[in-house]
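Participant: What follows is a structure written as C-alpha cells; I'll ask about it next.
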Amino acid sequence: MGFKPRSTPIIASKSPIQVTEKRPELLYCGLHICETLVRLRKDDIIRVYCTQEQLGIFGELLRWCAQQKKAYHIVSPADLEKITSSVHHEGVAILARAPVHGSELALRKRLELFPQPFIFLDGVQNPHNIGTIMRVMAHFGWRTLAGHQQLPPLSAATARVSEGGAEFVETFVLNDALNFLSSLRQLGYRIVGTSSHARTSLYAQPLARKLCLVMGHEVHGASPEIEALFDDAIVIPGTGAVESLNVSVATGLMLGEYSRQHGIRDADG
C-alpha cells in the first residue's frame, strides 16, 4: 500500500483563511530510533512496517495499531529494504510525523526561561555527523541544537544514526546567527569553539556553565565571521598526525569535558 498524503485542514475564520501548518512525515527505520519513537511519541505514528523476526519486540505496538485503526504491515526483510531504501532497517520502520525546526525567537525564550548549554552548528550538513552529534547530546543531556537557515531538516539517516538521540534534542534555525550569538552575552553566555590552530587546551580551560558551543564545518571549520565571536578558542590536544577530528568525535570530547566539570545534565535539561 502506497503512502497516501493527508489533506491540510482549513480553519474557518472571519479574517482571511488560515491554513494550519502540516508537519512533515518521515519514514524512520532502525531498532533504537523506532523504540524511542514508540515510547515518546506514539500518537505521531501513522503506519508501521515490521518483519516476522521483530514481532517479539513490536508485537504490542501492532496490537495498539489495530486498536487505533492505524495501518501496519508484516513484511520480509527484502521488502522492507525496498520500502526504506536502506539495508540498515534492522527489521522495523515507522512512518510518523516528524519534528520541525524551532524559530530564533523560540530559542531566545527557551534560553531566557531555562538557561542551558547548547550547540550551534556552523555549516555542518552531513546527516550522519548530525545524527551522531544528536546521539552524543542525548547521552550527556544536552537538549538544544541550533544552526543557520541551511540546517537540514531531520532525515531518516540522521534519525537512524542518532540511535534514538534525535527524540531528545530540539533543533532551531537562526535567521541572523551573528546578531543572535552576539546577543547571548546579555544572558551571560560565553561562545566557545574549537580550532586546530588555537593554543589553549580543552583540558586547561574552565568551561562556562552557560555555554554556546560552536562546532564548525566538517572540512573548513567555523566561518571567519562566527569565529570572530568566540570568547574562547580551544584545541583538543593530540599528536598532530592528523589535522583535525571528525566534528561528531570532537563534539563528544567537548561534551565529555563539560560534563566532567559540571556533571551530567538531568532528563529535564
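The values are calculated or read from the model by the stated rules, or taken from the named source; none is laboratory data. Being a predicted model, the structure only gives us computed values, none of them experimental. Virtual Cβ from ideal backbone geometry, glycine too; neighbours counted across all protein chains shown. We work out accessible area using only protein heavy atoms, side chains counted, and drop any ligands, DNA or RNA first. Shrake-Rupley method; radii C 1.70, N 1.55, O 1.52, S 1.80 Å.
Participant: What residue, of 63, 108, 39, is outside any strand (DSSP E or B), closer than 30 Å to residue 191 by Cα, among the basic types (Lys, Arg) and open to solvent by 10 Å² or more (accessible area, probe 1.4 Å)?
Facilitator: 108
Participant: If you don't mind, another one. Quick test for you: out of 259, 196, pick the one residue that is touching a Phe, Trp or Tyr at 6+ places or on another chain (Cβ under 9 Å) and among the hydroxyl-bearing types (Ser, Thr, Tyr). Steps first, answer last, please.
Facilitator: Numbers: 196 fails: touching a Phe, Trp or Tyr at 6+ places or on another chain (Cβ under 9 Å).
Exactly one of 259, 196 is touching a Phe, Trp or Tyr at 6+ places or on another chain (Cβ under 9 Å) and among the hydroxyl-bearing types (Ser, Thr, Tyr), namely 259.
Participant: Please enumerate the residues belonging to the range 111-126 that are outside any loop (DSSP other than H, G, I, E, B) and at pLDDT below 95.
Facilitator: none
Participant: If the requirement is being at pLDDT below 95 and either assigned to a loop (DSSP other than H, G, I, E, B) or surrounded by 14 or more Cβ atoms within 10 Å (Cβ to Cβ) (or both), which of these qualifies: 252, 240?
Facilitator: Of the residues listed, the single one that is at pLDDT below 95 and either assigned to a loop (DSSP other than H, G, I, E, B) or surrounded by 14 or more Cβ atoms within 10 Å (Cβ to Cβ) (or both) is 240.
Participant: Determine, yes or no, whether residue 49 is modelled with pLDDT of 95 or more, under 13 Å from residue 98 (Cα atoms), of a type in the set (Phe, Trp, Tyr) and surrounded by 11 or more Cβ atoms within 10 Å (Cβ to Cβ).
Facilitator: no
Participant: Regarding residue 233, is this residue assigned to a strand (DSSP E or B), aliphatic (A, V, I, L, M) and without any contact (Cβ under 8 Å) to a residue 60 or more places away in the chain?
Facilitator: Judged against the criteria, residue 233 is a match.
Participant: Scanning for something part of a helix (DSSP H, G or I), open to solvent by 10 Å² or more (accessible area, probe 1.4 Å), out of contact with any Pro (no Cβ under 9 Å at 6 or more places or on another chain) and not aromatic (Phe, Trp, Tyr), does the range 90-100 turn up at least one residue? It would help to see each step written out before you state the result.
Facilitator: If we filter the range 90-100 for residues that are part of a helix (DSSP H, G or I), which is where we start, we get none.
Within the range 90-100 (the criterion being part of a helix (DSSP H, G or I), open to solvent by 10 Å² or more (accessible area, probe 1.4 Å), out of contact with any Pro (no Cβ under 9 Å at 6 or more places or on another chain) and not aromatic (Phe, Trp, Tyr)), the answer is no, since none of the residues qualifies.
Participant: Related question: Just checking, which of 178, 207, 145 is assigned to a helix (DSSP H, G or I) and either touching a strand residue (DSSP E or B) at 6+ places or on another chain (Cβ under 8 Å) or open to solvent by 40 Å² or more (accessible area, probe 1.4 Å) (or both)?
Facilitator: After applying the criteria, what remains is 178.
Participant: Using the structure shown, decide if residue 181 is touching a residue at least 24 places away in the same chain (Cβ under 8 Å) and touching a Pro at 6+ places or on another chain (Cβ under 7 Å).
Facilitator: For residue 181, the condition - touching a residue at least 24 places away in the same chain (Cβ under 8 Å) and touching a Pro at 6+ places or on another chain (Cβ under 7 Å) - is not met.
Participant: Next question. Test of understanding: among 194, 171, which residue is in contact (Cβ under 8 Å) with a residue 60 or more places away in the chain, touching a Leu at 6+ places or on another chain (Cβ under 8 Å), open to solvent by 30 Å² or more (accessible area, probe 1.4 Å) and of a type in the set (Ser, Thr, Tyr)?
Facilitator: The match here is 194.
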